[in-house]
Amino acid sequence: MMMARGFGKKWWNKRAFVGNVIDAALVVLGIWSSARSVKAAMKIIKANRRNITRVIERQIAKRIGISVGGIISAAIDFVGNLSGYFSIGYLIACGLDWADRRYDGFIFA
């Protein structure tokens, strides 16, 4: 049974373009995740303004630490994407290119 290839060789399904799109999505996801974490920490501070104890302070520190980790991760992804030496999205795109069994530089071409 012959399987239809589908997309053809277009600029939008090149391995590099798909890798850049995946990288951009990962950067946006990291920034969104860290912003959400900071918002949750601020909500805890406002809700417990008068009753802040050591336990709550540790919980806030953990949440802010997670958000800083998210920002650092997004920054590393962004720098890696710009430099072209290290890109998680490009590695995923290579895997997708390998999955279509041609490894010709195009995803599902």
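What follows draws every value from the coordinates through simple rules; no lab data is involved. Predicted, not measured: the structure shown is a model, and the values here were computed from it.
Of note:
- Within a straight-line Cα-Cα reach of under 28 Å, K9 cannot be paired with any lysines, leaving aside sequence neighbours fewer than 8 residues apart in one chain.
- Taking a straight Cα-Cα cut-off under 18 Å and skipping sequence neighbours fewer than 8 places away in the same chain, the aspartates and glutamates within cross-link reach of K14 are D23, D97, D100, D104.
- Whole-Hz Karplus values for the range 95-108 come out as x, 5, 5, 5, 5, 7, 6, 10, 6, 10, x, 10, 8, 6 Hz, taken residue by residue from phi with 6.51 cos²θ - 1.76 cosθ + 1.60 and θ = phi - 60°; glycine and proline positions read x.
- Whole-Hz couplings from phi, Karplus 6.51/-1.76/1.60, listed for the range 20-33; x for Gly and Pro: 5, 5, 5, 4, 4, 5, 5, 5, 4, 4, x, 5, 4, 5
- Reach of K43 by Cα under 28 Å, taken over lysines that are not fewer than 8 positions away in the same chain: K62
- Close amide H partners of F106, meaning residues 5 or more places away or on another chain with modelled amide H under 5 Å apart, are R15.
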